[in-house]
Amino acid sequence: MNYLSLFTNEAKLHLHQLKQYWFESVSSIVLICGMFIGLFYGIQSFTSDTGNANSLDGLVFGLLLWYFAMSAYGAITQSLIEDNQKGYIEQLFLCPMGFSKLMLVRALVEMISGVILMTAIAWITMALTGTWLEINFFYFYLLLFIAAFSLIGLGFIVSGLALIYKKVGTIGALFNIGFMGLVAIDALPINIFTLLPFTAGASLTREVILQGEALNYLDLLVVVANSAVYFFGGLFIFGKLEKRAKKLNLIGQY
């Protein structure tokens, strides 16, 4: 088995799950669009007197970043928790390419699916609110995918904890709330917040896409370094936690 066949199998599985649980998929889109629109008009009611359209554009853009951050982080953790609850996670450890590589490919599939859904949500939200953002989707997704590996590394750490402690829903809920702050923090030029995951990538994406500034390659290097540290650090910690779970014979317990 190679990466291509593994990716193909995971993509087919994901499409099958979307088709099987179509009501959940449609409900999620409706819910997220409703939340976006509700926040949009809520903010608009406070900014109507000042006529500050930039804050509304920033709101829509920030919500898109937040949705992508949740998708990237949850791509691994949610999958592992569901497989654990369904009772066949130990079978996934028999994957010839290894469990970590399986989860990484699954995360990529989830992120691609999330990008498609995010694009649909963006167009629906902009159409319903009448606020159209000029988005260069190539740069938008390129920068986000680079930055997303920091969140995948974070997801590996939490997934490792899930192997041992089984229920880590509270941590996931806290992270989903915390991502609202991560996508809003100005982490560029380099400051203390640059050390946090995804912040540099969100800041660079906001500068290039929303503010129309030229791509700063030094800032891009900072984003790559941030993602690399969190990604490989997450893999390392996951490997340690995985060995611990196997030593305690916790893989097959639910």
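The values are calculated or read from the model by the stated rules, or taken from the named source; none is laboratory data. Predicted model, so just to flag it, every value in this text is computed and none were measured. FYI the Cβ positions are ideal-geometry reconstructions off the backbone, even for glycines, and counts take in every protein chain you see.
Structure values in brief
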| read-out | value |
| --- | --- |
| Residue identified as surrounded by fewer than 19 Cβ atoms within 10 Å (Cβ to Cβ) and either under 23 Å from the mean Cα position of the chain (by Cα) or of a type outside the set (D, E, K, R) (or both) among F198, F236, F231 | F236 |
| Qualifying position, being within 17 Å of Y73 (Cα to Cα), among the β-branched types (V, I, T) and surrounded by fewer than 19 Cβ atoms within 10 Å (Cβ to Cβ), among I164, I116, I152 | I116 |
| Residue that is under 18 Å from M70 (Cα atoms) and charged (D, E, K, R), where the choices are R206, R244 | R206 |
| Verdict on I135 being under 21 Å from the mean Cα position of the chain (by Cα), not in a helix (DSSP H, G or I) and not small (G, A, S) | yes |
| Test for Q91: is it farther than 22 Å from F175 by Cβ, part of a helix (DSSP H, G or I) and of a type outside the set (K, R) | yes |
| L102 being at pLDDT 80 or above and touching a Ser or Thr at 6+ places or on another chain (Cβ under 6 Å) | no |
| Residue match in region 37-44 (condition: exposed (fewer than 14 other Cβ atoms within 10 Å of the Cβ), polar (S, T, N, Q) and at pLDDT below 75) | no |
| Residues (within 19 Å of Y141 (Cβ to Cβ) and either aromatic (F, W, Y) or modelled with pLDDT under 85 (or both)) located in region 189-212 | F198, I209, L210, Q211, G212 |
| Qualifying positions in region 199-238 - without any contact (Cβ under 8 Å) to a residue 40 or more places away in the chain, part of a helix (DSSP H, G or I) and touching a Leu at 6+ places or on another chain (Cβ under 9 Å) | T199, S203, E207, D219, V222 |
| Selection from region 239-254 of residues that are assigned to a loop (DSSP other than H, G, I, E, B) and either aliphatic (A, V, I, L, M) or surrounded by 15 or more Cβ atoms within 10 Å (Cβ to Cβ) (or both) | L248, L250, I251 |
| Hits in region 1-11 (condition: loosely packed, with under 14 Cβ neighbours inside 10 Å and either among the small types (G, A, S) or under 16 Å from L92 (Cβ atoms) (or both)) | M1, S5 |
| Selection from region 213-234 of residues that are among the charged types (D, E, K, R) and either at pLDDT below 90 or closer than 30 Å to L161 by Cα (or both) | E213 |
| Which numbered condition M180 fails, given (1) buried (at least 21 other Cβ atoms within 10 Å of the Cβ); (2) more than 20 Å from E110 (Cα to Cα); (3) in contact (Cβ under 8 Å) with a residue 40 or more places away in the chain; (4) within 18 Å of the chain's Cα centre (by Cα) | (1) |
| Search result, residues across region 181-206 that are farther than 22 Å from I135 by Cα, in contact with a helix residue (DSSP H, G or I) (Cβ under 7 Å, 6 or more places away or on another chain) and among the hydrophobic types (A, V, I, L, M, F, W, C) | I190, F193, L196 |
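Residues checked against (1) buried (at least 23 other Cβ atoms within 10 Å of the Cβ); (2) out of contact with any Asp or Glu (no Cβ under 8 Å at 6 or more places or on another chain); (3) of a type in the set (S, T, Y); (4) free of Cβ contacts under 8 Å to residues at least 40 places away in the same chain:
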{"position": "V105", "(1), (2), (3), (4)": "no, no, no, no"}
{"position": "V109", "(1), (2), (3), (4)": "no, no, no, no"}
{"position": "L128", "(1), (2), (3), (4)": "no, yes, no, no"}
{"position": "W132", "(1), (2), (3), (4)": "no, yes, no, yes"}
{"position": "Y141", "(1), (2), (3), (4)": "no, yes, yes, yes"}
{"position": "I146", "(1), (2), (3), (4)": "no, yes, no, no"}
